[in-house]
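Step one of this worksheet: look at the structure below.
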């Protein structure tokens, strides 16, 4: 008799073993770790670079960068003033907990208050793979449309924070058609506890509320 192997479950099970190792390591070191997820071009790296630049004198931030190829984003983060470890997935649409485990051991954890993982640009796959993080951060730019929480509910239902980025485009008239109130309502139908910040990584609008949240979360763990 042929046995059917449920490959998806086996992959997720193996990933969870490493995710648990990451949780234990982060707990032992008393470090907060956040997993930032979005589609490509939403502005994750711009948000992180500005965040690092603004908070580097207040807290130690380490970044794990996930990309299919190149170290371009990690270089931007280092220029902004944070230590960064690059992971190239060579085609995979998400980071794995094993990859993050290796990266965590390359970071100077004793000097850090916060670790942020910038996952591969994708709204679907990264939300299915736990990395051992304390929470997920969803990023949605106004250029992507206001239907994303409804079309991709898994990410928004699991995230602690939703960053609605590039709101400066809404101040420019009819450049984009995006209903902020609809997105907030749809996200809160999925997740009543989600924090939502409307920001512009380009102009800095709304970023202070995001910074305050990060500082608060980091101090809770430390």
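Structural remarks
- Filter result (surrounded by 21 or more Cβ atoms within 10 Å (Cβ to Cβ) and in a loop (DSSP other than H, G, I, E, B)) within the range 27-42: 31, 38, 42
- Of the criteria (1) surrounded by fewer than 21 Cβ atoms within 10 Å (Cβ to Cβ); (2) under 19 Å from residue 31 (Cα atoms); (3) without any contact (Cβ under 8 Å) to a residue 24 or more places away in the chain; (4) touching a strand residue (DSSP E or B) at 6+ places or on another chain (Cβ under 6 Å), which one residue 84 fails: (1)
- Enumeration of residues in the range 133-153 that are over 23 Å from residue 202 (Cα atoms) and either in contact with a strand residue (DSSP E or B) (Cβ under 7 Å, 6 or more places away or on another chain) or part of a helix (DSSP H, G or I) (or both): 133, 134, 135, 149, 150, 151, 153
- Checking each residue in the range 130-147 for being surrounded by fewer than 22 Cβ atoms within 10 Å (Cβ to Cβ), farther than 30 Å from residue 25 by Cβ and touching a residue at least 60 places away in the same chain (Cβ under 8 Å) picks out 143, 144.
- The range 91-111: number of residues that are touching a residue at least 60 places away in the same chain (Cβ under 8 Å) and surrounded by 14 or more Cβ atoms within 10 Å (Cβ to Cβ): 7
- Checking each residue of the range 56-66 against the condition of being on the phi > 0 side of the Ramachandran plot and in a loop (DSSP other than H, G, I, E, B) gives no match.
- For first residues located in the range 193-222 and at positive phi and without any contact (Cβ under 8 Å) to a residue 60 or more places away in the chain, partners that are surrounded by 15 or more Cβ atoms within 10 Å (Cβ to Cβ) and not in a loop (DSSP other than H, G, I, E, B) and lie 6+ apart or on another chain with Cβ distances below 8 Å form the pairs 206/167; 206/197; 206/198.
- Selection from the range 122-132 of residues that are over 9 Å from residue 37 (Cβ atoms) and part of a loop (DSSP other than H, G, I, E, B): 124, 129, 130, 131, 132
- Being more than 29 Å from residue 17 (Cβ to Cβ) and surrounded by fewer than 16 Cβ atoms within 10 Å (Cβ to Cβ) is true of residue 175.
- Extreme residue, farthest from residue 210 (Cα to Cα), among residues of the range 154-174 that are out of contact with any strand residue (DSSP E or B) (no Cβ under 8 Å at 6 or more places or on another chain) and at pLDDT 95 or above: 154
- Total residues in the range 172-209 satisfying the condition of being in contact with a helix residue (DSSP H, G or I) (Cβ under 7 Å, 6 or more places away or on another chain) and assigned to a helix (DSSP H, G or I): the figure is 5.
The values are calculated or read from the model by the stated rules, or taken from the named source; none is laboratory data. Everything quoted here is computed from the prediction, not taken from an experiment. Here the Cβ is made from the backbone with ideal geometry for all residues, glycine too, and neighbour counts use every protein chain on show.
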